[in-house]
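Student: This structure is in structure tokens; I'll ask about it shortly.
The values are calculated or read from the model by the stated rules, or taken from the named source; none is laboratory data. For clarity, every value in this text was computed on a predicted model and none was experimentally measured. Cβ coordinates were reconstructed from backbone atoms using ideal geometry, including for glycine residues, and neighbour counts include every protein chain displayed. When the accessible area is computed, the model is the full protein with side chains, heavy atoms only, and any ligands, DNA or RNA have been set aside. Shrake-Rupley method; radii C 1.70, N 1.55, O 1.52, S 1.80 Å.
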There are 2 protein chains.
Amino acid sequence: MPKPIVVIALGGNAMIQGNQRGTIEEQVKNITETAQQILQVIPNWRIVITHGNGPQVGNIMLQMEAGSHPPYNRPILPMDVCGAMTQGQIGYLFQNSLRNLVIKESSQGRLEIRKKVKIITIITQVVVSKDDPAFKNPTKPVGPFYTLEQANLIKKEHPEFTMIEDAGRGYRRVVPSPDPIKIYEREQINTLLLNGFIIIASGGGGIPIVKNEDETISGVEAVVDKDLAGERLAGDVNADAFAILTDTDKVYLNYKTPKQKGIDQMSVAELEQYLKDGAFGKKLKGSMGPKLKAAIRFIKAGGKKVVITKPEFAAAALEGKAGTTIIP
Amino acid sequence: MPKPIVVIALGGNAMIQGNQRGTIEEQVKNITETAQQILQVIPNWRIVITHGNGPQVGNIMLQMEAGSHPPYNRPILPMDVCGAMTQGQIGYLFQNSLRNLVIKESSQGRLEIRKKVKIITIITQVVVSKDDPAFKNPTKPVGPFYTLEQANLIKKEHPEFTMIEDAGRGYRRVVPSPDPIKIYEREQINTLLLNGFIIIASGGGGIPIVKNEDETISGVEAVVDKDLAGERLAGDVNADAFAILTDTDKVYLNYKTPKQKGIDQMSVAELEQYLKDGAFGKKLKGSMGPKLKAAIRFIKAGGKKVVITKPEFAAAALEGKAGTTIIP
């Protein structure tokens, strides 16, 4: 019987942490640590990995902005292209860290991992709807901070951009964050999975594309939440489990209050009730919201298990021995 | 019987031409034109596409240089990572241009192309030898031009860099251009090919990696010639033909002289004799040299046919009706 399939979604801190600038040394160190945790999952699961790209795409946008002035005068490319660039960058670094760990561990006989486990990174697009309400209400800040003067100049050059003031730190461009519908390369991913490869796909939430009336596709300047896109990916490969790895070991009720309490397991009905009751506390508004939304969607679409935990507990959480598990 | 396999190598001018800066409008226009030519090849061949990345990687290196100064202070990433970024960028743009043309043509019934032809871009590495003599003699100029003062400063920061004066235009970094040994992702590519996908792979000559003594792999800062890497790719997928598309319709004897004469077909023995005799003229030194070297290697390794021509003659050349064909 083939091993079950898990889609693993990695948070941005798996690559660039806190105030790091994202040097190659920082990225390789963080990625190697994360890959070491993923390695523990290999013996029992077939794996598709997806990941965030916030700091990396931010760096590219800043570098393009910097390089657009004299004496460089290089062109600024749109966000969908920048997203494709980060998929190449992160996929390359991650696949080689993981590949090297597989080679080391298997040669030392420490893990039930065959050396022939091979990895592939594919450029992945995610289909969103032209009519998604997000396109009328861009909310996701991207790229550099600007002064009011700079922001007005950019707005004049690009009347289609939406600029907002970001909490007193300056002005920023915001782009839509539409809902993912499906992974455009799902057949390619399933073919690779069937043939035993570990696949890195849909980085940064995937490159968002819309279908035109004649069925052709067009990239759009938007950011799809990587956990919601990861849920689509998990559905599209019929994953047995969806593992959302982040910077907390568990989901907590009353997070960061004296009554804080970690959850080992909850049904999707319990989760929905907690959300309705506001039981997770105020900290939820940040990045946990989309994770719980993605978990609900995966289970409601027929998925069997979602785990939310830190990378170091991934293997244990998939066996129900760590983290928070969400079940039907 | 399955259709024969062709590896198509596209020159840099398929994406960014002459003095273009490489704006998104320029790239999409050029890529769409090239994709339109590749489209004609689909009915009779299974296709793997590879491509150059010179202008794109040059832009990224310039943008990283520009963004490394205040107020941006973003990190400069090594060349292997920049190469991975261009594979994402170009693959994304090319696959969608080609995909959209497939959708349009098949819906209009103009070509014997089934709409289900799907495309995939994969991050591809090429294995080179640690002992390649190129590592002792870097020759390939990359990235920005510097003043002598800047060059000395960079040399102080990075004693491992080799800087040269480039024909009076300033100082530039040069990197090794080692010989490609094999495509690291050849199993992945063959799996996808077997399942009917058009694959975009080994962009920019592939990301060069070396194998360490413990069999782990490490990226290196080098540039592999894209036609020589394309030949390895063609060998690794057992291609029936290798099509090198460039800016000339044929290979010419005595190129750019009054005695110029286009070659329709030559055997690899004739080609080697021409090279020995210097029969191609002085212009050969440029980009045609590696193309002819790649052609000789492909045929000598058992390949049946190499064509060298412009993109617009690709389909005809593969039928022997245009371009230059090189045979055993």
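Student: Find every distance from the label point of residue B:116 to the corresponding label point in the other copies (7 Å from Cα along Cα→Cβ) and write them in nm, one decimal, shortest first.
Tutor: Those label-point separations list as 2.8 nm.
Student: At 1.4 Å probe size, put B:146, A:274 in order of accessible surface, largest to smallest.
Tutor: The ordering from most to least exposed comes out as A:274, B:146.
Student: So what does residue A:74 come to for accessible area, using a 1.4 Å probe and Å² rounded to 10?
Tutor: Rounded to the nearest 10, the figure is 50 Å².
Student: Counting Lys and Arg as +1 and Asp and Glu as -1, each charge on the Cβ, what is the dipole of the protein assembly as shown about the Cα centre in debye, to the nearest 20?
Tutor: The calculated dipole for the protein assembly as shown is roughly 500 debye.
Student: For residue A:168, place a label point 7 Å out from Cα along the Cα→Cβ vector, do the same in each other copy, and report the separations in nm, one decimal, smallest first.
Tutor: 5.9
Student: Could you tally the net charge around residue B:223, taking each other residue with its Cβ under 14 Å from the Cβ of residue B:223, Lys/Arg +1 and Asp/Glu -1?
Tutor: Charge balance in the 14 Å sphere: -2.
Student: Note the per residue figure in Å³ for the convex hull of the C-alpha positions in the protein assembly as shown.
Tutor: With only Cα atoms used, the protein assembly as shown gives 176 Å³ per residue.
Student: Using the 7 Å Cα-to-Cβ label point, sort the distances from residue B:69 to its equivalents in the other copies shortest first and give them in nm to one decimal.
Tutor: Between copies, matching label points for residue B:69 lie 0.8 nm apart.
Student: Compute the signed sum of charges (Lys and Arg +1, Asp and Glu -1) over the other residues within less than 10 Å, Cβ to Cβ, of residue B:52. Let's see the in-between values first.
Tutor: Numbers: positive: B:226; negative: B:225, B:227.
Around residue B:52, the surrounding residues sum to -1.
Student: If you roll a 1.4 angstrom probe over the protein chains with everything in place, what fraction of the accessible area of segment A:113-233 belongs to carbon and sulfur, to the nearest %?
Tutor: Ligands and nucleic acids excluded, carbon and sulfur give 49 percent.
Student: Which Cβ of chain A lies nearest the axis of the rotation superposing A onto B, and at what whole-Å distance?
Tutor: A:88, 1
Student: Relative contact order of chain B: what whole-number percent is it, with Cα pairs under 8 angstrom and at least 6 residues apart?
Tutor: Working: 661 pairs, mean separation 66.6, N = 328.
Value for chain B: 20 percent.
Student: Accessible surface of residue A:249 in the full protein assembly, 1.4 angstrom probe, to the nearest 10 Å²?
Tutor: 50
Student: Using a probe radius of 1.4 Å on heavy atoms only, what accessible surface per residue do you get for segment A:29-179? Whole Å² is fine.
Tutor: For segment A:29-179, the solvent-accessible area averages 42 Å² per residue.
Student: Can I ask one more? With a 1.4 Å probe and every protein chain kept in, tell me what percent of the accessible surface of segment B:266-328 is carbon plus sulfur.
Tutor: Carbon with sulfur: 55 percent of the solvent-accessible area.
Student: State, as an integer percentage, the relative contact order of segment A:196-264 based on alpha-carbon contacts under 8 Å between residues 6 or more apart. Let's see the in-between values first.
Tutor: Values: 61 pairs, mean separation 14.2, N = 69.
21 percent.
Student: What relative contact order, as a whole-number percentage, does segment A:213-308 give when Cα pairs under 8 Å and 6 or more residues apart are counted?
Tutor: 41
Student: Would you mind giving the three semi-axes, in whole Å and largest first, of the ellipsoid equivalent to segment B:228-328 according to its Cα gyration tensor?
Tutor: Ellipsoid semi-axes (Å, largest first): 21, 15, 12.
Student: Out of B:248, B:124, B:50, any idea which swings most in a Gaussian network model of chain B, alpha carbons joined below 10 Å?
Tutor: Greatest mean-square fluctuation among the candidates belongs to B:248.
Student: How big is the charge dipole of segment A:10-82 about its Cα centre, in debye rounded to the nearest 20, if each Lys and Arg gets +1 on its Cβ and each Asp and Glu gets -1 on its Cβ?
Tutor: Dipole magnitude for segment A:10-82 comes out near 100 debye.
Student: On to the next question. Determine one quarter of the surface area of the Cα convex hull of segment A:243-291, which equals its mean projected area, and express it in nm² to one decimal.
Tutor: Working: hull surface 13.9 nm².
Mean orientational projected area (segment A:243-291, Cα hull): 3.5 nm².
Student: Assuming 1.306 mPa s and 10 °C, estimate D for segment B:25-71 with Stokes-Einstein, Rh taken as the Kirkwood radius over Cα pairs, in µm²/s.
Tutor: Details: Rh = 13.5 Å.
Approximately 118 µm²/s, per Stokes-Einstein.
Student: Say we join alpha carbon atoms closer than 10 Å with springs in a Gaussian network model of chain B; which of B:59, B:44, B:212 then has the biggest fluctuation?
Tutor: With Cα springs under 10 Å in chain B, the top fluctuation among B:59, B:44, B:212 is at B:212.
Student: Give the B-A buried accessible area in Å², both sides summed, 1.4 Å probe, nearest 100.
Tutor: 5100
Student: Also, quick follow-up: Identify which of A:52, A:206, A:262 has the largest mean-square fluctuation in a Gaussian network model of chain A, with springs joining Cα atoms closer than 10 Å.
Tutor: Of A:52, A:206, A:262, the Gaussian network model singles out A:262 as fluctuating most.
Student: Please compare each pair in B:261/B:291; A:3/A:104; A:155/A:182; A:136/B:104 to a cut-off of 21 Å on the Cα-Cα distance and tell me which ones are over it.
Tutor: A:3/A:104; A:155/A:182; A:136/B:104
Student: For chain A, give the share of DSSP beta bridges that are antiparallel, in percent and rounded to the nearest 5; count only bridges with both residues there.
Tutor: 40
Student: Moving on. Find the centroid of the Cα atoms in segment A:211-277 and in segment A:299-324, then give the distance between the two in whole Å.
Tutor: Using only Cα atoms to place each centre, the spacing works out to 12 Å.
Student: Take B:272, A:105 and sort them by solvent-accessible surface of the protein heavy atoms, 1.4 Å probe, largest at the top.
Tutor: My answer, sorted largest first, is B:272, A:105.
Student: Still on this structure: If you place +1 on the Cβ of every Lys and Arg, -1 on the Cβ of every Asp and Glu, and leave all else neutral, what size is the dipole of segment A:87-175 about its Cα centre, to the nearest 20 Debye?
Tutor: For this selection, approximately 620 debye.
Student: Can you give the mean number of other chain Cβ atoms that lie within 10 Å of the Cβ atoms in peptide B:120-130?
Tutor: 4
Student: Got a sec? What order do A:297, B:172 fall in by accessible area at 1.4 Å, biggest, i.e. largest, first?
Tutor: A:297, B:172
Student: Go ahead and estimate [θ] at 222 nm for chain B from helices alone: -39,500 (n - 2.57) per DSSP H run with n ≥ 4, summed, over the residue count, rounded to 500. Don't skip to the answer; put the middle values down first.
Tutor: Working: 9 runs with 117 residues, N = 328.
Calculated at 222 nm, the ellipticity per residue is -11500 deg cm²/dmol.
Student: Continuing with this model, one more query. Between B:129, B:31, B:89, whose Cα lies farthest towards the positive end of the dipole of chain B when Lys and Arg beta carbons carry +1 and Asp and Glu beta carbons carry -1, centred on the Cα centre?
Tutor: B:31
Student: Now for a separate question. Using the alpha carbons of chain B, what is the convex hull volume per residue in cubic angstrom, as a whole number? Kindly include the intermediate steps, with their values, before the conclusion.
Tutor: Details: hull volume 51.7 nm³, N = 328.
Taking only Cα atoms, chain B has a hull volume of 158 Å³ per residue.
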